[in-house]
Structures are given as C-alpha cells and as structure tokens.
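The values are calculated or read from the model by the stated rules, or taken from the named source; none is laboratory data. What you see is a predicted model, and the numbers here were worked out from it, not measured in a lab. All Cβ positions, glycine included, derive from the backbone under ideal geometry; neighbour counts span all protein chains shown. Ligands, DNA and RNA are stripped out before the accessible areas are found, and what is left, the full protein with its side chains, is counted by its heavy atoms. Shrake-Rupley method; radii C 1.70, N 1.55, O 1.52, S 1.80 Å.
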Amino acid sequence: VMKKLLLLSTCVLLASCARDPAPANTGVYMLLDTSGTYTEELDKAEQIIRYTLARLDETDTFAVARIDTGSFSERDIVAKVSFDDRPSAVNRQKRMFAQQVSEFVDSADPSPYTDITGGMLQAVEFLNEKGTGRKAIFLFTDLKEDLQEGYIRDIDVPLEGFEVIALNVTKLRSDNMDPREYLGRLEEWQSRVEKTGGSWRVINDLDGLEGLL
C-alpha cells in the first residue's frame, strides 16, 4: 500500500511539474473617449500611451481603441501589437505603434455617442484571446456613457482577473453644479467592475503614472 501511495504521489508531483507555468507577460487595452469636447484631451492620452509603450517588454500585448457609438467592434481598434521576443524587433514595433496613434490623434473626429460598456466587452474578448498573464484595461474617459437608441448595454462585463484603471476622469460642467453626479459615476463604475471580479483604480493626476503598470 505504501508503495502504491508513493507511486501515486510521484505521478501527481510529475504531472504538476509538467504543466505549463502561468504566462508572465502583460496585456493592456486602452479605450479612448472621442465624444464631444473630450477629443481635446487626446494629447494627454498620447502621453499615457507613450509612457505605457516604454514600460512594456518582449511578448507583451498592447491595443488602443476608440470609444464611439458602438464600441463592441474590432474596427474601433486604432493600433494593436503583440511584441516579438527580440528587443531589436520590439523597438521597431513600438515606433510603428506610436506613429499609428499619433496619426489617429491628429485626425480624430468627435463621436456623438459614448459606448463604454461595448468597448470594455471588446477589451475583455481581445485580452482573453491573447492569453496574457496580466490583463489591464485603461479607460481614458469622463465615464459618462451615452448610448444611441436601440443599443442595449445592461450587461455584466466578465472582469475576473482584470485590472480596470480610469484615467483623466474629467469633470463635466454639470458636475460643478452638483458634485454628486461626478462621485456617482465613479461609484457606479467601481461597483460594476468589482461586481464581476475586477479590480478598480482611478488616476487623475497624470504626473503620478509611476504606479500605472
């Protein structure tokens, strides 16, 4: 009996050692609000993108997408890349990515609606498909969702294992009149993210990005 137990324990140990280790790479999906006057904030978004590019390494994944009327779509992805495992190739990929983003920022047209939920669903699908070890969604938006008639977004976004970081959550004119609106948006999105297992952070001081990744 002891021999059988020892043999069984050895098999279990070998099987556990043979399993592939969890991936250690990082995936980032950044959503850019392009509604109304928020397009004027895109220069700040470009700074965050360059900061993020500088901190991602070989085999990491990065995608930037716009939030518009219907954001649950691949066509809203402005730039995407899965970095090579060779540093020389990564540098070329980063330069090309930065150029694509710069061209978008220079020519972005305001969107009449803001489908944040659809963008987050697309982010989850994209990062799950890439299978990165760490998954982060950056929300560059005032968090005011405005849906066109007919769009249904009363959906729980599956965020187990995801970090959601809201950046540059600007205050609307109505927020100055009633700050409860601003605080309410923050509380609502935090609740939605944490309800399905995600973690939530807000970074409004863009001089303090050291803890972003």
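Listed values, structure above:
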| quantity | calculated |
| --- | --- |
| Size of electric dipole in the chain: Cβ of Lys, Arg +1 and of Asp, Glu -1, about Cα centre, debye, nearest 20 | 1200 |
| Long pairs among 44/130; 80/195; 94/130; 94/144, criterion Cα-Cα beyond 21 Å | 44/130; 80/195; 94/144 |
| Angle between the chain longest axis and helix 2-18 axis [Cα atoms, degrees, rounded to 10] | 30 |
| Carbon and sulfur %, accessible surface of the chain computed with the full protein complex present, 1.4 Å | 51 |
| Extension gain, residue 54 back to residue 84 (0.36 nm per residue minus Cα-Cα distance, nm) | 9.3 nm |
| Over the stretch 109-213, volume per residue of the alpha carbon convex hull, in Å³ | 132 |
| Selection from 148, 168, 117 lying farthest towards where the dipole of the stretch 78-170 points positive, charges on Cβ | 168 |
| Size of charge dipole - the stretch 90-174 - debye, nearest 20, with Cβ of Lys, Arg +1 and Asp, Glu -1, no other charges | 580 |
| log10 of Debye I(q)/I(0), alpha-carbon scatterers only, for the chain at 0.10 Å⁻¹ | -0.48 |
| Mean accessible surface per residue for the chain, computed with a 1.4 Å probe while every protein chain stays in place, in Å² | 55 |
| Gain on full stretching of the segment that runs from residue 152 to residue 129 - 0.36 nm per residue minus C-alpha separation | 5.9 nm |
| Tilt relative to the chain, helix 179-195 - C-alpha long axis, 0 to 90 degrees, to 10 | 20 |
